[in-house]
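All remarks here apply to the structure that follows.
The values are calculated or read from the model by the stated rules, or taken from the named source; none is laboratory data. Remember, predicted model here, so these are calculated numbers, not experimental data. Here the Cβ positions follow ideal geometry from the backbone for every residue, glycine too, while neighbour counts run over all protein chains shown.
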C-alpha cells in the first residue's frame, strides 16, 4: 500500500486552496496514461532521428496544448527545432610559413563541407599554452562559436589528435575553429579542409507558463524524452522502451505543467521542456541553454528516472550536486510536515551531476539539479529492453511528482532563490 503524503495546514494555505485538490490533477490514473503511452512499443524506443521519437514529440506537444501552456519565445508551436551535423574529413592541405604541414597537426572543427582560410581571413587568434588544460580550453573556444585559429603549444603533441572529439557532432553553424599545433603564431598560413557533412534535425518540446509579477525570472522543469530505440534483442525483445529512462521524468514534467497551470498563481515564469538527444550527447539541453539568459534562471528541476524506489524506499528521492547550492534545503523546507524526504546523491562516484541535462545550465551558474530515485548500483533494467512500465512503481512515482510540485512552491512564488553554482569549482 502506497504511503500518501500528509500536507500540513500551513502548507496548503501557502500554495493556495487548489493544493487541496492536488490529487485531482496529479493522480495515478493520469500518470499511468502518460507513462504507458510514452513507453509503449509504438514509440519504438524513441531513438533520435526515428519515427518513434517524432511520435513521442507530437504526444508531448499535445499534452502541453491540453494543459494550456504558451509556446516558447514566440514560436507558433511547442517544437524547438535545431540541427546537428556530423562532419567526416575527406581531404585537405595545410601550408605554414611556406612549407607543407602534415594534417595530423591540424584539427578543423566546422560544419561546412569545404573550408579555406589563411592569415588574411580575419579569424581571431587564441592560444593554448604549455601548462594549460587542453581539453577544457579547447571545448570553451568551440562553444564560444567564433571564427578562430587556435595555436596549440607543441608540448601537447601526444594529446593533440584527441581534439578530434570536438568535431564528432556539432551544432550547425557558419563559424569554424581551426586548431594548429605550433611553437608559436606562424607568419603565414593557409589551411584547407573538406568534409562530408551529414545533418540530423532534432527537436526539443517546450511550453511556457508566464509569471505574474516576476515574468523575467525563470524556473525550468525538464526531462529527456529520447531513449535507445531498437537494438540487440534480449529474451526475444528488441525494443528499449525507456519507461524509467526517461519516460518517467517526462511524465512528471507533463503532470507538473498541468498542476501549475491549474494553480495559475506562479509569480516567476515556468518553462517545461522535454529534451531530445540526451542519450547521444546532451545536445537538446545544450541547444536550449543557448536560447535563454542563464542569469535569469532561478532554478532548474531536471527529472530523471523516478519510476523505481530509491535506496531509502518509498517517499524519497535524491538530488545530484546537493552540496553545490542550497536548493535541496529549500525544497525540504517546503515539504516540512510531510513524509517525503530529499537526500543528497549517494552515488557521487558516478558523477551524475555532470551526466544529465542539468549540467549545461549548472556550468553557467544556474542552481540546476537532477532529481532521481535510480539505484545506480542496482537497477536491473537500466538501458535494457526490460525497462518497461510493468517494472515501475507508479503509485510511488505519483507521490514523488506531487512532492516535487509542493517543494518548488516558494521558488516559483519568488520567495526563495537558491544560491548559484560556483562555476570556478565545477569539474569540466
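Consider only pairs whose beta carbons are under 6 Å apart and that are at least six residues apart or on different chains; among these, list those whose first residue lies in the stretch 120-136 and is outside the structural domain of residue 163 (by TED's automatic domain parsing) and within 17 Å of residue 181 (Cβ to Cβ) and whose second residue is at pLDDT 95 or above and surrounded by 12 or more Cβ atoms within 10 Å (Cβ to Cβ).
none
Specify which of the listed residues (277, 248, 243, 295) is in contact (Cβ under 8 Å) with a residue 24 or more places away in the chain and over 30 Å from residue 385 (Cα atoms).
295
For the stretch 91-136, enumerate the residues that are at positive phi and not in a loop (DSSP other than H, G, I, E, B).
Within the stretch 91-136, 91, 92 qualify.
How many residues are surrounded by 14 or more Cβ atoms within 10 Å (Cβ to Cβ) and either more than 18 Å from residue 165 (Cα to Cα) or at pLDDT 95 or above (or both) if we restrict to the stretch 81-102?
Going through the stretch 81-102 one residue at a time, the tally reaches 8.
Could you check the stretch 152-193 and list, in sequence order, the residues that are within 31 Å of the chain's Cα centre (by Cα), buried (at least 16 other Cβ atoms within 10 Å of the Cβ) and not in a loop (DSSP other than H, G, I, E, B)?
152, 160, 163, 166, 167, 170, 171, 177, 178, 179
Inside the stretch 333-363, can you point out the residues that are under 14 Å from the mean Cα position of the chain (by Cα) and surrounded by fewer than 16 Cβ atoms within 10 Å (Cβ to Cβ)?
355 - this is the single residue of the stretch 333-363 that is under 14 Å from the mean Cα position of the chain (by Cα) and surrounded by fewer than 16 Cβ atoms within 10 Å (Cβ to Cβ).
Given the condition outside any loop (DSSP other than H, G, I, E, B), over 20 Å from the mean Cα position of the chain (by Cα) and buried (at least 18 other Cβ atoms within 10 Å of the Cβ), answer yes or no: does some residue in the stretch 365-388 qualify?
Looking only at the stretch 365-388, we keep the residues that are outside any loop (DSSP other than H, G, I, E, B), and these are 368-372.
Now restrict to residues that are over 20 Å from the mean Cα position of the chain (by Cα): none.
No: the stretch 365-388 contains no residue that is outside any loop (DSSP other than H, G, I, E, B), over 20 Å from the mean Cα position of the chain (by Cα) and buried (at least 18 other Cβ atoms within 10 Å of the Cβ).
Where residues in the stretch 32-54 are in a helix (DSSP H, G or I) and buried (at least 17 other Cβ atoms within 10 Å of the Cβ), which of them is farthest from the chain's Cα centre (by Cα)? Give the derivation first.
Step one: filter the stretch 32-54 for residues in a helix (DSSP H, G or I), giving 32-38, 41-43, 51-54.
Within this subset, residues satisfying the condition of being buried (at least 17 other Cβ atoms within 10 Å of the Cβ) are 32, 34-35, 37-38, 43, 52-53.
Details: 32: 24, 34: 21, 35: 20, 37: 22, 38: 18, 43: 21, 52: 20, 53: 16 Å.
It comes out as 32.
With the condition kept exactly as written, say whether any residue in the stretch 77-98 is free of Cβ contacts under 8 Å to residues at least 24 places away in the same chain and not assigned by TED's automatic domain parsing to the domain that holds residue 165.
Within the stretch 77-98, one or more residues are free of Cβ contacts under 8 Å to residues at least 24 places away in the same chain and not assigned by TED's automatic domain parsing to the domain that holds residue 165.
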